[in-house]
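Enquirer: Following this message is one structure expressed as structure tokens.
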Amino acid sequence: MTTSDCYTCGMEAEFDALPPRERIAHDRLWRVAHATGTSLPGWLVLLPRRHVTAVHDLTDAEAAVLGAWQVRISRALRAVTGCDKTYVVQFAEAEGFSHVHFHIVPRDGGLAPEYRGPGVFGLLRAPEGQQVAAGRADDIARALRAELDGM
């Protein structure tokens, strides 16, 4: 895969034109976006801003702030969505999505048992009519950005 074939790198190349849901927060190393194709509002992804396909290839600088990003995002999700906890998951195996990314998924008490733990991925490839609408994802993004800015 080349970076021109990478969905994440394609989005990064358009950074200044991205909607709020695609750039909830960022620094020079990481970007936070709302996941696409999910039926779960607030499902986020944390993405390195350069092309990297394995965690062991992260730079020391990227690794040094990774945990802080994950905790800040989890705290913001709890404040905005009221979730009980967050799941943090990394696979980067799907076709076109081998760029390292960390799923940060809000899990509230009302989530059906079949969607808890790894079953949550059943909510990621939702039928189009069940996916979080772009406008709603943008609203969530704005609320999360405000929460993150206040931390």
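The values are calculated or read from the model by the stated rules, or taken from the named source; none is laboratory data. Bear in mind the structure is a predicted one, so any value in this text is a computation, not a measurement. Every residue, glycine among them, receives a Cβ derived from its backbone with ideal geometry; neighbour counts consider all protein chains shown. We work out accessible area using only protein heavy atoms, side chains counted, and drop any ligands, DNA or RNA first. Shrake-Rupley method; radii C 1.70, N 1.55, O 1.52, S 1.80 Å.
Enquirer: If you take the residues in region 121-139 that are in contact with a Lys or Arg (Cβ under 7 Å, 6 or more places away or on another chain) and of a type outside the set (D, E, K, R), which one is surrounded by the fewest Cβ atoms within 10 Å (Cβ to Cβ)? Step through it out loud before you land on a result.
Expert: Taking region 121-139 first, the residues in contact with a Lys or Arg (Cβ under 7 Å, 6 or more places away or on another chain) are 134, 137-138.
Add one more test, that the residue is of a type outside the set (D, E, K, R), and what stays is 134, 137.
On the way: Ala134: 14, Ala137: 25.
So the residue we want is Ala134.
Enquirer: Still on this model: Would you call Ala137 of a type in the set (A, V, I, L, M, F, W, C) and either over 14 Å from the mean Cα position of the chain (by Cα) or modelled with pLDDT under 95 (or both)? First the steps, then the outcome.
Expert: Working: of a type in the set (A, V, I, L, M, F, W, C): yes; either over 14 Å from the mean Cα position of the chain (by Cα) or modelled with pLDDT under 95 (or both): no.
Here the answer is no, as Ala137 does not meet what is asked.
Enquirer: For region 90-120, name all the residues that are more than 22 Å from Arg75 (Cα to Cα), open to solvent by 70 Å² or more (accessible area, probe 1.4 Å), assigned to a loop (DSSP other than H, G, I, E, B) and of a type outside the set (Asp, Glu).
Expert: Within region 90-120, Phe91, Phe97 qualify.
Enquirer: Same structure again: Which condition does Ala13 not pass, out of (1) under 19 Å from Val105 (Cβ atoms); (2) out of contact with any Leu (no Cβ under 8 Å at 6 or more places or on another chain); (3) of a type in the set (A, V, I, L, M), if it passes all the others?
Expert: Looking at each condition in turn, Ala13 falls short on (1).
Enquirer: On the basis of being more than 17 Å from Ser39 (Cβ to Cβ), open to solvent by 40 Å² or more (accessible area, probe 1.4 Å) and of a type outside the set (A, V, I, L, M, F, W, C), does Arg72 make the cut?
Expert: On the way: more than 17 Å from Ser39 (Cβ to Cβ): yes; open to solvent by 40 Å² or more (accessible area, probe 1.4 Å): yes; of a type outside the set (A, V, I, L, M, F, W, C): yes.
When the stated conditions are applied, Arg72 passes them.
Enquirer: Across region 94-123, what is the number of residues that are over 16 Å from the mean Cα position of the chain (by Cα) and of a type in the set (Lys, Arg)?
Expert: Qualifying residue count, region 94-123: 1.
Enquirer: Select from region 1-19 the residues that are open to solvent by 30 Å² or more (accessible area, probe 1.4 Å) and either of a type outside the set (A, V, I, L, M) or under 15 Å from the mean Cα position of the chain (by Cα) (or both) and list them in ascending order.
Expert: Initial filter on region 1-19 (open to solvent by 30 Å² or more (accessible area, probe 1.4 Å)): 1-5, 7, 10-14, 16-17, 19.
Across region 1-19, the qualifying residues are Thr2, Thr3, Ser4, Asp5, Tyr7, Gly10, Met11, Glu12, Glu14, Asp16, Pro19.
Enquirer: Still on this structure: Considering only residues of region 20-29 that are under 11 Å from the mean Cα position of the chain (by Cα) and of a type outside the set (Gly, Ala, Ser), which is surrounded by the most Cβ atoms within 10 Å (Cβ to Cβ)? Steps first, answer last, please.
Expert: Filtering region 20-29 for residues under 11 Å from the mean Cα position of the chain (by Cα) gives 21-25.
Filter once more, so that each one left must be of a type outside the set (Gly, Ala, Ser): 21-24.
Details: Arg21: 23, Glu22: 23, Arg23: 20, Ile24: 26.
So, considering only residues that are under 11 Å from the mean Cα position of the chain (by Cα) and of a type outside the set (Gly, Ala, Ser), the one surrounded by the most Cβ atoms within 10 Å (Cβ to Cβ) is Ile24.
Enquirer: Somewhere in region 64-74, is a residue over 15 Å from the mean Cα position of the chain (by Cα), of a type in the set (D, E, K, R) and more than 27 Å from Pro127 (Cβ to Cβ)?
Expert: no
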